[in-house]
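Single-structure report; data block below.
The values are calculated or read from the model by the stated rules, or taken from the named source; none is laboratory data. Please read all numbers here as calculations on a predicted model, not as lab measurements. Reconstructed Cβ throughout: ideal geometry from the backbone, glycine too, with neighbour counts over all protein chains shown. These accessible areas exclude ligands, DNA and RNA; they are computed on the full protein's heavy atoms, side chains included. Shrake-Rupley method; radii C 1.70, N 1.55, O 1.52, S 1.80 Å.
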Amino acid sequence: MHAKSLLPTLCRMKTPLIDPFARAITYLRVSVTDRCDFRCVYCMSENMTFLPKKDLLTLEELDRLCSNFIGLGVEKLRITGGEPLVRRGIMTFFDAMSRHLESGALKELTLTTNGSQLEKYADDLYAAGVRRINVSLDTLDDEKFAEITRWGRLPQVIRGIDAAQKAGLRVKINTVALADFNDSELFDLQAWCAERDMDLTFIEVMPMGDIGNEDRITQYWSLKDLRGQLEDRFTVSDLTERTGGPARYIRLEETGQKIGLITPLSHNFCESCNRVRITCTGEIYTCLGQEGHSDLRAPLRASEDDAHLEQAIRAAIGIKPKGHDFDYSRQTVDGQVSRHMSHTGG
Ligand code: SAM
Ligand code: SF4
């Protein structure tokens, strides 16, 4: 292509989103609902009060918001929640987002789900251009699954994972590491994922939101310890791969399996952070571990012209904090944030 013919395209390109610490924002995580059909003990209390429906962004507003971010350089979009697949009409939104995959502006459209609705939606997700998904699963034991999710049932989720793999979706399992709960299942989970050719990532439990009578400190199982257990059985190599997020990867040389470790507590990960989060009411959180946020719903609703919205997005990115302050090292929960993980989507 001649340099001259590139000019109109270059003129249309907007300045990318760069935060005060020179981190480019290319990854947007959107919580499309705060509701869920499970009540995982580390995530929610049993009696949650959910937002009134009128406070939620409509699917059209979510489309406009995400499309603006994509216009400003976001290349990866993760849909989350609450449970994203319980939001009514959510497949319309996925279908709409697929136009950005087709145009090449968006490189990946994905979701994090508890798997309960995958049997119903796996084929539709694939048709909308989704290729990889994260499914959260903390145990392979029916009774323990019912205990940890309170309302969930394991066979339904397994059927969902089967359907996802059958549809051609690559599945990564996310497991929250919980002391005295799934520490005994480490090798069962690892072997089960290897058998099914699924990646596996462990997450340290984070101090987010009031969870009723559950105790954060006793829930906490450090991934340093988890890694030590893997090292006792396997040759473990560190991988240099980074996704701009909290995960670090190791390989078990004997099986070739890659395992992710998300360690916000025992290892800080903020220096390479490339992401921001939007709640279902249009708040933007530029750091998962801080209370600070800005409102995008008002500028979104104030005018049909996207200039206001773009200005508000840039202002929010302009005050993205350097990092979080979670700390369990003094055997107390320091740096706790008041909102639940389901509010910002994890
Ligand atoms: N409902 C979907 C799911 O469970 O995958 C998506 C939303 S959920 C909030 C996203 C992720 O956050 C899940 O993998 C869940 O296990 C994790 N999560 C929830 N509360 C957490 C906490 N306090 N600490 C660490 N991870 C948490
Ligand atoms: Fe629901 Fe996901 Fe939270 Fe569990 S972790 S209660 S499935 S939002």
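Table for the structure above
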{"item": "Apportionment of accessible area to carbon and sulfur, the stretch 71-161, percent (1.4 Å)", "result": "46 percent"}
{"item": "Given charges at Cβ of Lys, Arg, Asp, Glu: the stretch 139-182 dipole, positive-most of 151, 182, 168", "result": "168"}
{"item": "Listed peptides 245-251, 178-184 by packing density, highest first (mean Cβ within 10 Å)", "result": "245-251, 178-184"}
{"item": "Residue among 68, 93, 137 farthest towards the positive dipole end of the stretch 29-187, charges placed on Cβ", "result": "68"}
{"item": "Added length on full extension, which subtracts the Cα-Cα distance from 0.36 nm per residue, residue 45 to residue 314", "result": "93.4 nm"}
